[in-house]
Amino acid sequence: MTVKKLLHTRMRVNDIERSVKFYESALGLTVSRRHTSPRGAQLVFLATPHSDEEIELCQMPAGAPPVQVQPDLMHLAFAVDDLATFAAELKRKGFALSDGPTQTSSGSVIAFIDAPEGYEVELIQRAK
């Protein structure tokens with residue numbers, strides 16, 4: 001027996017609206033739904049173009065300890081067609097790459113941008 005497919009990945013955040021704005025503005029993700037969990041957490045699910053999987057952002061109720069993301073703990077990776085063009089558009093919108101662009105040994109080009117709370121987002125232009 002095996003699982004059927006990945007449905008979503010959850011990330012805790014301190015400021016859900018700031019995080020939603022980042023993922024919408026910088027990466028073009030869209031909110032698919034919002035609700036409050038039975039434990040009182042605010043949840044926002046983000047849809048990614050051309051993917052069935054979603055990203056779930058979770059802000060715990062007041063009084064919960066703040067999120068402190070450890071460096072290099074985890075990251076999300078997204079494919080882009082042209083990293084130079086994508087990076088230029090990010091810059092125009094007021095977002096800066098935190099690392100890269102770097103060409104890998106496979107010929108792909110990668111770069112990173114930091115999301116709120118310090119989560120890393122990897123951008124990958126696959127080798128042609």
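Okay, here's what the table says:
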item: Filtered residues of the range 58-94 (kept if under 22 Å from LYS128 (Cβ atoms) and touching a strand residue (DSSP E or B) at 6+ places or on another chain (Cβ under 9 Å)); result: ALA77, PHE78, ALA79, VAL80, ASP81, ASP82, LEU83, ALA84, PHE86, ALA87, LEU90
item: For VAL44: the one exception among (1) closer than 22 Å to ILE124 by Cα; (2) modelled with pLDDT of 95 or more; result: (1)
item: Complete set of residues in the range 82-123 that are exposed (fewer than 13 other Cβ atoms within 10 Å of the Cβ) and within 12 Å of PHE22 (Cβ to Cβ); result: LYS93, GLY94
item: Among residues of the range 59-81, those that are under 18 Å from the mean Cα position of the chain (by Cα), within 21 Å of GLY118 (Cβ to Cβ) and surrounded by 11 or more Cβ atoms within 10 Å (Cβ to Cβ), counted; result: 7
item: PRO101 being outside the structural domain of ASP15 (by TED's automatic domain parsing), touching a helix residue (DSSP H, G or I) at 6+ places or on another chain (Cβ under 8 Å) and within 19 Å of THR9 (Cα to Cα); result: no
item: Number of positions in the range 22-53 that are within 26 Å of ALA96 (Cβ to Cβ) and either surrounded by 14 or more Cβ atoms within 10 Å (Cβ to Cβ) or more than 11 Å from the chain's Cα centre (by Cα) (or both); result: 15
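One line per residue, one yes/no per condition, for (1) assigned by TED's automatic domain parsing to the domain that holds ASP114; (2) basic (Lys, Arg); (3) out of contact with any Asp or Glu (no Cβ under 6 Å at 6 or more places or on another chain):
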| residue | (1), (2), (3) |
| --- | --- |
| VAL3 | no, no, yes |
| VAL13 | no, no, no |
| SER19 | no, no, yes |
| ARG33 | no, yes, yes |
| SER37 | no, no, yes |
| THR48 | no, no, yes |
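The values are calculated or read from the model by the stated rules, or taken from the named source; none is laboratory data. Remember, it's a predicted structure, so these values are computed and weren't measured experimentally. FYI the Cβ positions are ideal-geometry reconstructions off the backbone, even for glycines, and counts take in every protein chain you see.
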